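Let me begin by presenting the structure, written as structure tokens, before commenting on it.
The values are calculated or read from the model by the stated rules, or taken from the named source; none is laboratory data. Not measured: the values here are computed from a predicted model. Glycine also receives a Cβ, built like all others from the backbone with ideal geometry; neighbour counts cover every protein chain displayed.
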Amino acid sequence: MKSYLRFICALIIFSGLLCVCSFLPGIVAAIPVHEALFYQKLDNKKVKCQLCPRYCVILPGKRGYCRVRENQDGRLVSISYAKPVAIHIDPIEKKPLFHFLPSKTAFSVATAGCNLNCKFCQNWEISQGRPEELSFTSLTPQELVNKAKESFSPAVAFTYTEPTVFYEYMLETAQLARSLGLKNVMHSNGYINEQPLRRLAKYLDAANIDLKGFKEEYYAKICEGSLEPVLKSLKVLKEEGVHLEITNLVLSGFNDDPESITRMCIWIKDNLGAQTPLHFSRFFPMYKLLGLNPTPVETLENAGKIAINCGLKYVYVGNVPGHSAENTFCPKCGKIVIKRSGYIVQELNLLDGKCKFCGEKIEGVWE
């Protein structure tokens, strides 16, 4: 009840900030040009961005694939720095993170842009938009962290679009948040190079990575990206000790074949560990796939059975409110240790991170 009251108070306090996104022209704000990290200067004032696997070579006055990193006279700058287009106070379960501070809230933020173009994107209006096409709020990293503290949220979440493309903003905010006792979480596509990811991971407490499929052709056709860099990012986050969960959005006829799901689950177990939570999420028609039917619940349930048979301990079905697979079951005694309804935690049967019924350690960050 106390968590619920804090959540309601936070919504009231920040009602003016919630849902800061639209198709209106950007609000003019005096934000200094912010030089980007991880790029190389080339001849004739060209630059090569080294943040993500695209390695965009950008001519003066032009931008990279993400639309938010611009070559200004031979200098790469982040034009979305400190210009969030979405700010919300969310249940941490919405990220989704089911094994990290259950029932707590996260002060969630995003700027425009993304380094993929997924045909099913649910936030395409902001992820595929240019900063000047969207309304934004001017909010420095210090101001953002102050707002997060005032909201009573124990964590800052970088989410909604792709945090990689607002890397500098995220990194500086995460450093400040950590210094003030806040935790940092990220929901990302994992399409980022190793060096910037390892630098960021020092300040990350948790991440949910979208592993969109397990075939290169799927990534190329549906997301305009590549699978291998995402698998590398998952390994890096594991090595860096970041609490890791994975979401797989299941599209009927595209990435739902049992063979690729089996290979994905085996890879997760072998490379990340059987305790890694895996969320199979239901697709609803969106963006460029409006003609595709919602994923049958049975398809998600079958994927879950495959994952459990492969040895994964914590497997969930997402976007199906009220489904029993929203709950966390003890892998030893089989009883419910966290009962959920949507994003609401109804029961928390944990004692010091262990099942209160049999004493089995449950993977996660619980306080």
**OP:** Evaluate the following for residue 68: is it at pLDDT below 95 and more than 18 Å from the chain's Cα centre (by Cα)?
**Re:** no
**OP:** State which residue is surrounded by the most Cβ atoms within 10 Å (Cβ to Cβ) when the search covers only segment 129-158 and only residues that are touching a residue at least 60 places away in the same chain (Cβ under 8 Å) and under 16 Å from the mean Cα position of the chain (by Cα).
**Re:** 157
Original post:
For segment 223-275, how many residues meet the condition of being closer than 14 Å to residue 304 by Cα and touching a strand residue (DSSP E or B) at 6+ places or on another chain (Cβ under 6 Å)?
Top reply: 6
Original post:
Considering only residues of segment 328-359 that are part of a loop (DSSP other than H, G, I, E, B), surrounded by fewer than 17 Cβ atoms within 10 Å (Cβ to Cβ) and on the phi < 0 side of the Ramachandran plot, which is modelled with the lowest pLDDT?
Top reply: 343
**OP:** Scan segment 222-237 and give yes if some residue there is under 21 Å from residue 119 (Cβ atoms), more than 20 Å from the chain's Cα centre (by Cα), in a helix (DSSP H, G or I) and not polar (S, T, N, Q), otherwise no.
**Re:** no
**OP:** Report, by residue number, each residue of segment 97-119 that is buried (at least 20 other Cβ atoms within 10 Å of the Cβ) and closer than 19 Å to residue 283 by Cβ.
**Re:** 114, 116, 118
Original post:
What strands (runs of 3 or more DSSP E) lie completely within segment 30-90 and have 2 or more residues being more than 23 Å from residue 133 (Cβ to Cβ), in contact with an Asp or Glu (Cβ under 7 Å, 6 or more places away or on another chain) and not assigned by TED's automatic domain parsing to the domain that holds residue 118?
Top reply: none
Original post:
Looking at segment 159-191, which of its residues are touching a Pro at 6+ places or on another chain (Cβ under 7 Å), part of a helix (DSSP H, G or I) and either among the charged types (D, E, K, R) or surrounded by 23 or more Cβ atoms within 10 Å (Cβ to Cβ) (or both)?
Top reply: 167, 169, 170, 172, 173
Original post:
Which residues, taken from segment 120-158, are of a type outside the set (S, T, N, Q), modelled with pLDDT of 95 or more, touching a Ser or Thr at 6+ places or on another chain (Cβ under 7 Å) and outside any loop (DSSP other than H, G, I, E, B)?
Top reply: 126, 141, 144, 145, 156, 157
Original post:
Taking segment 242-257, which residues are in contact with a helix residue (DSSP H, G or I) (Cβ under 8 Å, 6 or more places away or on another chain), more than 14 Å from residue 188 (Cα to Cα) and not in a strand (DSSP E or B)?
Top reply: 251, 252, 254, 255, 256
Original post:
Does at least one position in segment 280-300 carry a residue that is in a helix (DSSP H, G or I) and within 19 Å of residue 97 (Cα to Cα)?
Top reply: yes
Subject >> Condition broken by residue 293, with the remaining ones in (1) surrounded by fewer than 15 Cβ atoms within 10 Å (Cβ to Cβ); (2) closer than 17 Å to residue 188 by Cα; (3) not basic (Lys, Arg) satisfied >> reply: (2)
